[in-house]
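Data block below; observations after.
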Amino acid sequence: GENVEQHPSTLSVQEGDSAVIKCTYSDSASNYFPWYKQELGKRPQLIIDIRSNVGEKKDQRIAVTLNKTAKHFSLHITETQPEDSAVYFCAAVSVNDYKLSFGAGTTVTVRA
Amino acid sequence: GAVVSQHPSWVICKSGTSVKIECRSLDFQATTMFWYRQFPKQSLMLMATSNEGSKATYEQGVEKDKFLINHASLTLSTLTVTSAHPEDSSFYICSARDWQNMYNEQFFGPGTRLTVL
């Protein structure tokens, strides 16, 4: 099955700085890579996603890159704000069974 | 669009009782729904895949006789935790996949907080 690894587990940044979270996956059949933001006690919220036929995608302050050859993908948040503080999960979905495999999560704290 | 609801949002029960959690897709049809469990400060772990009109498929280590899943219609899947024990206390989240959506996006319910005393 798919194995998704995520680093770092915690990340503290000064407001206005950038935050980068990196993930790797193992299953070459994975073709969809969503990123979720989860606040305490709430459902995961999709913030951006990327498909295997695209190398980079940007949405305002958030960007994601994908390297299929190396099987890794990254989330970049620029100009961080206190409301960006949350737990972020990367995930990978296999074209074979549509199952979401999550990374372990990164707790991001933005210091004012 | 793409709204998924879950009921109840939280439940407290006594050890040994059974609890049913409902997951509904409100504005789309979901041939496949997924059930996840999330312990505090951990990631979401897939428990099972619920397929409309057929038996659910369970992930390794998940007891199918303890976590009963029924997906009787294209908009409803239920998870019943049978003979619940304190170690079953967790946050249970469902997700649904729109069969008409060519992409793989899943839409999550708000989750159910289960506490077993």
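The values are calculated or read from the model by the stated rules, or taken from the named source; none is laboratory data. None of these values were measured; they are calculated from a predicted model. FYI the Cβ positions are ideal-geometry reconstructions off the backbone, even for glycines, and counts take in every protein chain you see. To get the accessible areas, we keep the full protein, side chains included, count just its heavy atoms, and leave off ligands, DNA and RNA. Shrake-Rupley method; radii C 1.70, N 1.55, O 1.52, S 1.80 Å.
With the structure loaded, tell me whether A:Gly16 is on the phi > 0 side of the Ramachandran plot, within 11 Å of chain B (Cβ to nearest Cβ), open to solvent by less than 60 Å² (accessible area, probe 1.4 Å) and touching a residue at least 24 places away in the same chain (Cβ under 8 Å) or whether it fails that test.
Answer is no for this residue.
For A:His72, all conditions in the list (1) away from chain B (no Cβ under 11 Å); (2) touching a His at 6+ places or on another chain (Cβ under 9 Å) hold save one; what is the number of the exception?
(2)
On the basis of being open to solvent by 20 Å² or more (accessible area, probe 1.4 Å), within 10 Å of chain A (Cβ to nearest Cβ) and touching a residue at least 40 places away in the same chain (Cβ under 8 Å), does B:Arg37 make the cut?
Criteria not met by B:Arg37.
I need a count of the residues in the range B:14-33 that are open to solvent by less than 70 Å² (accessible area, probe 1.4 Å), under 13 Å from the mean Cα position of the chain (by Cα) and at pLDDT 95 or above.
4
Check off (1) at pLDDT 95 or above; (2) surrounded by fewer than 16 Cβ atoms within 10 Å (Cβ to Cβ); (3) within 14 Å of chain B (Cβ to nearest Cβ) for A:Val54 and give me the number that stays unchecked.
Going through the list (1) at pLDDT 95 or above; (2) surrounded by fewer than 16 Cβ atoms within 10 Å (Cβ to Cβ); (3) within 14 Å of chain B (Cβ to nearest Cβ), A:Val54 breaks only (1).
Name the residue that is nearest to the other protein chains (Cβ to nearest Cβ), counting only residues in the range B:46-66 that are open to solvent by less than 30 Å² (accessible area, probe 1.4 Å) and of a type in the set (S, T, N, Q).
Step by step, filter the range B:46-66, then rank; the result is B:Thr49.
Would you check which residues across the range A:61-105 are open to solvent by less than 20 Å² (accessible area, probe 1.4 Å), at pLDDT below 95 and either within 21 Å of A:Asp17 (Cβ to Cβ) or not hydrophobic (A, V, I, L, M, F, W, C) (or both) and list them?
Within the range A:61-105, A:Ser94 is the sole residue that qualifies.
Looking at (1) aliphatic (A, V, I, L, M); (2) closer than 27 Å to B:Ser90 by Cα; (3) at pLDDT below 95, which is the one condition that is false for A:Ile47?
So the condition that A:Ile47 fails would be (3).
Conditions (1) away from chain A (no Cβ under 11 Å); (2) surrounded by fewer than 20 Cβ atoms within 10 Å (Cβ to Cβ); (3) of a type in the set (D, E, K, R), marked per residue:
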site: B:Leu44; (1), (2), (3): no, no, no
site: B:Leu68; (1), (2), (3): yes, yes, no
site: B:Leu76; (1), (2), (3): yes, yes, no
site: B:Ser83; (1), (2), (3): yes, yes, no
site: B:Ser89; (1), (2), (3): yes, yes, no
site: B:Trp99; (1), (2), (3): no, yes, no
site: B:Gly111; (1), (2), (3): no, no, no
site: B:Leu117; (1), (2), (3): yes, yes, no
